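Reading through the structure tokens given below for one structure.
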Amino acid sequence: MSKKKPTPDEEPKKETISDEESGEETTPGDEPKDEAGPGKKRKVIGAAIGATAGAAVALVGIPVFIGALGFTGAGIAAGSIAAKMMSAAAIANGGGVAAGSTVAVLQSIGAAGFSIGAKIGLTSALGTVGGATGAWLSRWKKPPRGKPKKK
């Protein structure tokens, strides 16, 4: 005995649900399509790592770099790049460092650190740049670890 294949008129009708916004019809139990493939996940992870790195540079890296130049809480360190910058600025201005000049601003940051507004602004800007860079860099596939051996 063979089973008779039902004709389209005899097949049971499935209930469909219409989405008014997109115009698509789905049946109950249909799984939504996963649009986030491995490439998209890699971009998101890259963006998160980049944003974290950008924020770290803003909050830690820049103040450490300014201190390494010689702009410290105790003043400008003797023999440092900051001392050379201050000397050049003083000579150019007739013996003193002008208020608002690069040397004056860096000395202020070295002595007191960034203001909360500057920290928020730098973290936002560098976090955004880092996130965009991380997403952009993560679009490339990893290179193969080794070349296959020829036989």
| query | Can you pull out the residues in segment 82-93 that are surrounded by 13 or more Cβ atoms within 10 Å (Cβ to Cβ) and within 15 Å of Val105 (Cβ to Cβ)? | reply | Ala82, Met85, Met86, Ala89
| query | Restricting attention to segment 84-122, which residues are within 20 Å of Pro63 (Cβ to Cβ), part of a helix (DSSP H, G or I) and among the hydroxyl-bearing types (Ser, Thr, Tyr)? | reply | Thr102, Ser108
| Matching residues in segment 60-72 - criterion: being part of a helix (DSSP H, G or I) and in contact with a Leu (Cβ under 8 Å, 6 or more places away or on another chain) | Ile62, Ile66, Leu69
| request: Filter segment 101-123 down to the residues that are under 20 Å from Ala53 (Cα atoms) and among the aliphatic types (A, V, I, L, M), then identify the one that is farthest from the chain's Cα centre (by Cα). | output: Ile116
| said: Filter segment 73-100 down to the residues that are under 34 Å from the mean Cα position of the chain (by Cα), of a type outside the set (A, V, I, L, M) and modelled with pLDDT of 90 or more and list them by number. | reply: Ser80
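The values are calculated or read from the model by the stated rules, or taken from the named source; none is laboratory data. Nothing here was measured: the structure is a model prediction, and the numbers come from that model. With ideal geometry, Cβ positions are generated from the backbone for all residues, glycine too; neighbour counts draw on all protein chains shown.
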